[in-house]
Amino acid sequence: MTLDRSPGFGVYLHWPFCAAKCPYCDFNSHVRHHRIDQERFVRAFAAEMASMRARTGPREVTSIFIGGGTPSLMEPATVDAILGEVARNWTVPAGIEVTLEANPSSVEAERFRGYRAAGVNRVSLGVQALNDADLRFLGRLHDVSEALHAIRLAREIFPRLSFDLIYARPGQTPEAWEAELNEAIGHAADHLSLYQLTIEEGTAFHKLYAARKFEMPVPDLAADLYQLTQDVTAARGLPAYEVSNHARPGAESRHNLVYWRYGEYVGIGPGAHGRFVEDGTRVVTIAERHPETWADLVERQGHGIVDGERLTREEEADEFLMMGLRLVEGIDLARFEALSGRTLPRRQLSILQEEGLVAPVGNSGLRATPSGMIVLNSLVAELAR
């Protein structure tokens, strides 16, 4: 399979509800102890999509991603209805990537088969650890046996499977992570998302860490764990194609590549963000985060957008750098120049090359080296001057 390198046009659909809030999570997720009115939210998704369609015009969708929250708490009929609305508003070619995020604790074979019948062909499982003690620390509702059951079901029902793991956990040794990672690769179909544990403001972990209830790995150990991750996945045939994402060749996430290649996408649902070209300018849309308030807004005005902006050429170019240099393939310098109206600063570029942080790709590309990936934010700041 040859991967299409065009940026594409994606549709992101945000289902904001979870059975429990994980202590490390700063995503827009909400726990409800009553039945969710899924029919109401389907109507709201349909209305907001129609509003976005009026702004984007006719487009051909290259990928759809249903994220959250926990989309696997949705009834299959809800997923079917929402995907039907995407096809009602834009052209959806047969066979494009349609991903749904799922948690192992909410996996049922019948529900998985319902999602597949609705058109989902890729599932992303929030496994996070293959160690019961660490799953409890991370606040997950499943144990390892449930995770493995979900992986087996997903491999049986869906053509493509990815799952997430969090590493650099308190007390984790390189030896333990290497064994866990090798076990994960043995279960994965074609893709792994591997994230270092970070302490995000506003999360339960932020408060616990500030109170010194646990310790994080020192920076040198975290860097060693990152390098170990790159080495093991490459040796096992799932090399990194982005800072935290690894895939067998041809199995890269098409939807995430829309973001990293600086394509366009609409965001539908509570807290969803979108970025697309409207009247020749790239616009940012940001929806109301609170689910019921978002639905109220949609019912009153046809959409839940509460914030956004029109980006300048310089802002577009900076975003293009930040997203594109996350990719192993790097960026097209001609596209950067077209967006920004300028070339990259020669002096900074020369210094970064001498330091081994960036490298040319052919005659017209630039990529971050493995060393550059570790200090990506600083690298982009130098080039964006």
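The values are calculated or read from the model by the stated rules, or taken from the named source; none is laboratory data. All values derive from a computational prediction rather than experimental measurement. All Cβ positions, glycine included, derive from the backbone under ideal geometry; neighbour counts span all protein chains shown. When the accessible area is computed, the model is the full protein with side chains, heavy atoms only, and any ligands, DNA or RNA have been set aside. Shrake-Rupley method; radii C 1.70, N 1.55, O 1.52, S 1.80 Å.
Could you check what % of the DSSP bridge pairs in the chain are antiparallel, to the nearest 5?
40 percent
Rounded, prolate or oblate: which fits the stretch 314-384, taking a ≥ b ≥ c as square roots of the Cα gyration tensor eigenvalues, rounded meaning a/c under 1.5, else prolate when a/b beats b/c?
rounded
Tell me, what HN-Hα J-couplings in whole Hz come from the Karplus equation 6.51 cos²θ - 1.76 cosθ + 1.60 at θ = phi - 60° for each residue of the stretch 343-360, using x for Gly and Pro?
These are the phi-based 3J(HN,Hα) values: 9, 5, x, 4, 5, 4, 4, 5, 5, 5, 5, 4, 7, x, 9, 9, 8, x Hz.
Return the equivalent ellipsoid semi-axes of the stretch 124-201 as a descending list in whole Å, where each equals the square root of 5 times an eigenvalue of the C-alpha gyration tensor.
The answer is 21, 13, 12 Å, longest axis first.
If I ignore ligands, DNA and RNA and count only protein heavy atoms, how much of ASP318 is accessible to a 1.4 Å probe, in Å² to the nearest 10?
Approximately 50 Å² for this residue.
Pick out which of TYR24, TYR265, TYR12 has the largest mean-square fluctuation in a Gaussian network model of the chain, springs linking Cα atoms closer than 10 Å.
Ranking TYR24, TYR265, TYR12 by mean-square fluctuation puts TYR24 first.
Tell me which of VAL232, VAL243, THR62 sits at the most positive position along the dipole axis of the chain, charges placed on C-beta atoms (Lys, Arg +1; Asp, Glu -1).
My answer, from the dipole projection, is THR62.
Taking every pair of alpha-carbon atoms in the stretch 5-72, give the share separated by more than 15 Å as a whole percent.
Of all Cα-Cα pairs in the stretch 5-72, 64 percent lie more than 15 Å apart.
Quick one: with all protein chains in place, what share of the accessible area of the stretch 224-281 is carbon or sulfur, to the nearest percent (1.4 Å probe)?
Here it works out to 49 percent.
Could you report the stretch 9-259's accessible area per residue, 1.4 Å probe, as an integer in Å²?
41 Å²
If you roll a 1.4 Å probe over the stretch 74-197 with all protein chains in place, what percent of the accessible area is carbon or sulfur?
47 percent
Expressed as a whole percentage, what fraction of the accessible surface of the stretch 314-384 belongs to carbon and sulfur atoms when a 1.4 Å probe is rolled over the protein heavy atoms?
52 percent
On average, how much accessible surface per residue is there in the stretch 276-385, in Å², for a 1.4 Å probe, leaving out ligands, DNA and RNA?
Using a 1.4 Å probe on heavy atoms only, each residue of the stretch 276-385 averages 51 Å².
Would you mind estimating how fast the chain diffuses translationally, via Stokes-Einstein at 20 °C and 1.002 mPa s with the Kirkwood radius over Cα pairs, in µm²/s?
Rounded to a whole number, D works out at 98 µm²/s.
Under a GNM of the chain (C-alpha, springs under 10 Å), which listed residue has the highest mean-square fluctuation: PRO249, PRO71, PRO104?
Greatest mean-square fluctuation among the candidates belongs to PRO249.
Normalised by the number of residues in the chain, what is the relative contact order in percent for Cα pairs under 8 Å and 6+ residues apart?
Over the chain, the number comes to 16 percent.
Among 88-94, 111-117, how do they line up from the highest to the lowest mean number of other beta-carbon atoms within 10 Å?
In descending order of packing, they fall as 111-117, 88-94.
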